[in-house]
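As structure tokens, the structure follows; a few thoughts come after it.
The values are calculated or read from the model by the stated rules, or taken from the named source; none is laboratory data. It should be emphasised that the depicted structure is a prediction, and the values quoted were computed from it without experimental measurement. Just so you know, the surface numbers come from the protein's heavy atoms only, side chains and all, with ligands and any DNA or RNA stripped out. Shrake-Rupley method; radii C 1.70, N 1.55, O 1.52, S 1.80 Å.
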Amino acid sequence: MSNVYYKSTVRRVGAACEELLDGGVLILCSAPVPEALQDVSVVHEPSVRLTGELRRGDRLWLDGRLIELVAVGERATRNLRELGHVVVHVNAADTQVLPEAVYGRGTLTLPEAGAPLALAAGVPSRYRT
């Protein structure tokens, strides 16, 4: 996996995460997690802070599963950088892009504590449409 610009490790998975993931949503938060998000979040601990910008075509790896980003909300990079928070929508039908979210194609399963998480640059920006 080359061009990695963010690495983290899952520390715990909230009780409601499986149900959310069944609906195609995964909420990532780094500690400290607000009380209101405890049950719905996959809590992670960054080991390589965000050095790039989240962009369409980039790849999200979670516990060996690949998601290709197809849309990125305008505040997603800032939220991940400053708060460790981003909402991942997987295989969503055409929908309005929420500012703090990313949208991707692929398959995710519920991660376990200790699972690796990484973001890697996809297609170089000069080739993006």
Cα gyration tensor of the chain - equivalent ellipsoid semi-axes, whole Å, descending = 21, 16, 14
Convex hull volume of the Cα atoms in segment 22-79, per residue, in Å³?
-> 121 Å³
Over segment 18-129, with neighbouring protein chains present, the accessible area per residue in Å² at probe 1.4 Å is 55 Å²
How much of the accessible area of the chain, in percent, comes from carbon and sulfur atoms when a 1.4 Å probe is used?
-> 48 percent
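Just subtract the alpha-carbon distance of A31 and R49 from 0.36 nm times their residue separation and send over the number in nm, one decimal.
Once the chain is fully extended between A31 and R49, it gains 5.1 nm.
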Starting at 0 and stepping by 10 Å, how many percent of the alpha carbon pairs of segment 53-116 end up in each bin?
-> 23, 53, 23, 0
